Amino acid sequence: VTFITGAKVWFVIAGYAVYFALTRLLGPTNFGLYAVVTSIVSVVNNVVVAVTLQSVSRFTARDGASAGSVHRAATRLLAILGLAIFLALELGAPLIGVVLHDPGLVAPLRVVALVVPAYALYAVNVGFLNGLRRFTWQAGLDGSYSTLRAALQIGAVALGLGVVGATAGFAAAAFVIL
């Protein structure tokens, strides 16, 4: 409990660091663009992650002997679901830009869409660790991801890569932590 709580506190601190840094580095207009794009993906991610974590953890904890098969089945299912959502966002990005009257959303939305399949698989791994009661590993994974995400996002923007850099840092962190 202590390790997971610490990792969640660190997640919040790192998240605020990203917001404070990007607000200043991107400026109001570009930060607004970043916020819109990430909020679109976050709605989808929050549902996929919550359901996956709870389901994988529950079925893994229920029967340790079948934990491996639970992990494999969940990985296959979430890889397909994550890819489908990614493709929907990729293909739908121009339409979202039109609906929201901002063609500037299209490129960063297409980049940040990469987060969805990575998060789906990440959630399988975290749920699996939780179900096996490997809380220290789970906390280490969460804390490492929070640090990596903050560093890559802030670093990309500091290098002058703008909103696309911020979203690419988000996506890269999600894939690296896998």
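The values are calculated or read from the model by the stated rules, or taken from the named source; none is laboratory data. All values reported here derive from a predicted model rather than from experimental measurement. Quick reminder, even Gly has a Cβ in these numbers, built from the backbone with ideal geometry, and neighbours come from all protein chains shown. For the accessible areas, the whole protein counts, side chains as well, though only heavy atoms, and no ligand, DNA or RNA atoms are used. Shrake-Rupley method; radii C 1.70, N 1.55, O 1.52, S 1.80 Å.
Return the total of residues in region 18-72 being open to solvent by less than 40 Å² (accessible area, probe 1.4 Å), over 18 Å from the mean Cα position of the chain (by Cα) and either more than 21 Å from residue 115 (Cβ to Cβ) or not aliphatic (A, V, I, L, M) (or both).
Looking only at that region, the number is 9.
Just a yes or no: is a residue in region 135-155 over 20 Å from residue 8 (Cβ atoms) and in contact (Cβ under 8 Å) with a residue 40 or more places away in the chain?
Looking through region 135-155, at least one residue is over 20 Å from residue 8 (Cβ atoms) and in contact (Cβ under 8 Å) with a residue 40 or more places away in the chain.
When residues of region 155-176 are filtered for being among the hydrophobic types (A, V, I, L, M, F, W, C) and either surrounded by 24 or more Cβ atoms within 10 Å (Cβ to Cβ) or more than 20 Å from residue 106 (Cβ to Cβ) (or both), how many remain?
10
Every residue in region 88-102 that is open to solvent by 50 Å² or more (accessible area, probe 1.4 Å), assigned to a helix (DSSP H, G or I) and either in contact with a Leu (Cβ under 7 Å, 6 or more places away or on another chain) or in contact (Cβ under 8 Å) with a residue 60 or more places away in the chain (or both), please.
Listed by number, the list is empty, since nothing qualifies.
Among 76, 24, which is the only one that is basic (Lys, Arg) and under 20 Å from residue 153 (Cα atoms)?
24
Output yes when any residue across region 126-149 is of a type in the set (A, V, I, L, M, F, W, C) and within 22 Å of residue 25 (Cα to Cα), and no when none is.
Yes, region 126-149 contains a residue that is of a type in the set (A, V, I, L, M, F, W, C) and within 22 Å of residue 25 (Cα to Cα).
Conditions: (1) at pLDDT below 95; (2) of a type outside the set (Lys, Arg); (3) under 30 Å from residue 29 (Cα atoms); (4) under 14 Å from the mean Cα position of the chain (by Cα). Residue 111 meets all but one. Number of the miss?
Status for residue 111: all satisfied but (1).
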